[in-house]
Amino acid sequence: HLRLAAHADRLAPPEPAAAALARACRLAPADPTVWFLAGTQALADGNPESACSHWRRSLDCAPAHLPAIVAAARPVAG
């Protein structure tokens, strides 16, 4: 599902990357990378509240993406 999200624009019919990432989050609920990527996509889609929620879940799973989350969240979270 992560690969589908990465190539969502090449699918016919096209599927939003967020849809594939949502499936990946359901399939791997303890994977901090999946939640981090979902948050990054949510921010790119213009949904900072969802991005912060996904990043919070990523950090609940493990602190692996803390520096990247702080850098990405700083402009939207203050």
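The table below gives the values:
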| item | result |
| --- | --- |
| 0 to 90° range, to nearest 10: angle between helix 17-27 axis and the chain longest Cα axis | 70 degrees |
| Three-way shape call for the range 1-61 based on the alpha-carbon gyration tensor, with the a/c threshold at 1.5 | oblate |
| Helix 32-44 vs. the chain, principal-axis angle (Cα, 0 to 90°, nearest 10) | 80 degrees |
| Charge sum, other residues only, whose C-beta stays under 10 Å from His1's C-beta, Lys/Arg counted +1 and Asp/Glu -1 | +3 |
| Crossing angle, helix 48-61 versus the chain [Cα axis fit, 0-90 degrees, rounded to tens] | 70 degrees |
| Whole-percent carbon and sulfur share, accessible surface of the chain, 1.4 Å | 61 percent |
| Environment charge at Ala30 (Cβ cut-off 11 Å; Lys +1, Arg +1, Asp -1, Glu -1) | -1 |
| Over the range 1-73, relative contact order from alpha-carbon pairs under 8 Å, at least 6 apart, % | 23 percent |
| Mean Cβ count within 10 Å, highest first, over the residues of peptides 50-56, 21-27, 8-14 | 50-56, 21-27, 8-14 |
| Accessible area in square angstrom per residue, the chain, 1.4 angstrom probe | 61 Å² |
| CD proxy at 222 nm, helix term only [per DSSP H run n ≥ 4: -39500 (n - 2.57); per residue of the chain; nearest 500] | -21500 deg cm²/dmol |
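The values are calculated or read from the model by the stated rules, or taken from the named source; none is laboratory data. Computed from a prediction, not measured in an experiment: that's the story for all the values here. A quick note on method: Cβ atoms are made from the backbone with ideal geometry, for glycine too, and the neighbour counts reach across all protein chains shown. Only protein heavy atoms, including side chains, enter the accessible area calculation; ligands, DNA and RNA are left aside. Shrake-Rupley method; radii C 1.70, N 1.55, O 1.52, S 1.80 Å.
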